[in-house]
Amino acid sequence: MKITGLTSILKAIASIPILDAAVSIAIGIWAPYALPLYQGLKTYAVTGSFGAALKAYVISSATIVISQYIGANLDFDLGGWTAVQNVASHAMVGGVSAVLQGGKFGHGFVSSLVTASMKGFMNPKTTEFGNAYSRTAIAGVVGGTVSKLTGGKFANGAVTSAMQWWYNAEKGGFEEDFKNAKKLVHAQGKFNNTDDAAKWLHKNVYENLLNEYDIEVGAAMYGSEGDIRLGDLQTNGPGNLISLHVKKDAVSVWHSHGTNGSVAWPSVGSDADTGAAYNAGYQHEYISTPDFYGEGRTLWKMNGGAFNSPEKHNQSTLCINITIIEGGGSCNW
C-alpha cells in the first residue's frame, strides 16, 4: 500500500529531527489519540515495514499510558521517596523506549531522568514558570539535547521527554487549567444563594475549563443568604474521587465528576455522593456531571437530608430528591 503524497510529506518531516519532534509534540498535546497513528505512518513511510510501523504505534501509545499512570500513582509533589520513584520510573520508561526504537538504554534513561527532575524548579503546581505548552516544549528541547549529547537521537529523546512531561507533570493540560480555575474562584465575590454559586461554578469552572478531564474538582460554600462565598477549589488528582477539606461552618458543597462513564450521575451509597451529603449535614449538595448520553453537561441539586438511613441510598430515592438546575440530564430510575 502506497500513498505517494503522504509518504513524501512524512519522509520530509522525518528527515529533519527538530521538525519531526515539533510535529510529534504538537500532535501529542492537541490530538493525543493521533500521535501513535502519526508515529506508525511516519515509520512506514520511511522503512516500508508494516512491522516497524506497528512497533512505533505501540511504543507511542505505551509511553502516553505509562506516563499517565506514573503521574497518578507516584506524585512528585509528595517529595521524598515518592518523588525519587517518580523520576526513576520515567527514566526507566525513557531507557526502554530508546532500546525499542533501536537506540541504547542509557541515552533514553539519562534524557528522561534529566527532564523528569526538572519538576523540581518548573513544577506547574507550584511555580509560574511559563505555561503548560512552553514548559512541555522546554522539556522536549532538553530531553532531545541530552539524548543527542549522549549519543542518541534528538527526535526520540525530545518526543519521549515532552510526552512524559505533558502527561505526568501537566496531566494532559489539567494543571494549567486547574491553576487558572483556582485563581478564578479565589477572585470571585459573593452570591445571593448557593444555587447561584453552584451555577457559576458549573459554567465558569466546569464547563469552561475542566470538563474534559477524568479528574474531580470541588469547592465548599460559606456564609448565609445574600452573602454566599466560595472556599478554595480543590482536587485529589486523577480518578473518580474527591475528599474536600471543609471548615465546620460550610453550608453546602459543589463538586464535578470526571469523564469516566461509571460516574455519569450522582452516585448512591453511604460512601458515595448521597452518603457524603447526608453525613455532612448539608441541606443541599451540588454535582456537575459530563455529557454521556447526548443530554449535555448537567448540574444537579441533591437533597442531602433525604438519605438518613442505609436503605434510602438507592437510585429511586435519588431521583425523587434530586433536581436539575442546569443542563439536560435525566434521572431515569
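No lab work stands behind these numbers, since they all come straight from the coordinates. Remember, it's a predicted structure, so these values are computed and weren't measured experimentally. We place every Cβ from the backbone using ideal geometry, glycine too, and count neighbours over all the protein chains shown.
What the table below lists for this structure:
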{"item": "Debye, to nearest 20: dipole size of region 112-254, +1 on Lys, Arg Cβ, -1 on Asp, Glu Cβ", "result": "580 debye"}
{"item": "Charge dipole magnitude, Cβ of K and R +1, D and E -1 - the chain, Cα centre, debye nearest 20", "result": "1360 debye"}
{"item": "Dipole-positive endmost among 189, 328, 97 within the chain (Cβ charges, Cα centre)", "result": "97"}
{"item": "Listed candidates (1) 1.06; (2) 1.01; (3) 0.97 - label of the one calculated as Rg/Rh (Cα atoms, Kirkwood Rh)", "result": "(1)"}
{"item": "Qualifying aspartates and glutamates (Cα of each under 15 Å from Cα of residue 199; at least 8 residues distant if same chain)", "result": "207, 285, 326"}
{"item": "Long-range HN-HN contacts of residue 251 with modeled amide H, under 5 Å", "result": "221, 222, 223"}
{"item": "Relative contact order of the chain, defined on C-alpha pairs under 8 angstrom at six or more residues apart (%)", "result": "10 percent"}
{"item": "Projected label distance in nm at residue 240 and residue 260, using a 7 Å step from Cα toward the beta-carbon", "result": "0.5 nm"}
{"item": "Chain lengthening between residue 196 and residue 65 when straightened (0.36 nm per residue, less Cα-Cα)", "result": "43.3 nm"}
{"item": "Cα-based reach from residue 153 at 18 Å (exclusive), listing lysines while leaving out same-chain residues under 8 positions away", "result": "11, 42, 55, 104"}
{"item": "Chain lengthening between residue 227 and residue 280 when straightened (0.36 nm per residue, less Cα-Cα)", "result": "17.0 nm"}
{"item": "Rel. contact order, % - alpha carbon contacts under 8 angstrom, at least six apart, region 175-326", "result": "19 percent"}
{"item": "Burial ranking of peptide ranges 118-126, 103-111, 201-209 (average Cβ count within 10 Å, highest at the top)", "result": "103-111, 201-209, 118-126"}
{"item": "Principal semi-axes in Å for region 269-333 [√(5λ), Cα gyration tensor, largest first]", "result": "21, 12, 9"}
{"item": "Cα-centre dipole for region 4-169 with unit charges at Cβ (Lys and Arg positive, Asp and Glu negative), debye to 20", "result": "360 debye"}
{"item": "Normalised contact order of region 4-169, rounded percent, pairs of Cα under 8 Å and 6 or more residues apart", "result": "22 percent"}
{"item": "Residue among 76, 23, 318 farthest towards the positive dipole end of the chain, charges placed on Cβ", "result": "23"}
{"item": "Degrees separating the helix 105-117 axis from the principal Cα axis of the chain, which is the longest one", "result": "40 degrees"}
{"item": "Ranked packing of 234-243, 47-56, 172-181, most packed first, by mean Cβ within 10 Å", "result": "172-181, 234-243, 47-56"}
{"item": "Dipole-positive endmost among 224, 302, 257 within region 175-326 (Cβ charges, Cα centre)", "result": "224"}
{"item": "Whole-Å semi-axes of region 202-333's equivalent ellipsoid (Cα gyration tensor)", "result": "20, 19, 14"}
{"item": "Whole-Hz couplings from phi, Karplus 6.51/-1.76/1.60, listed for region 126-131; x for Gly and Pro", "result": "10, 10, 10, 6, x, 10"}
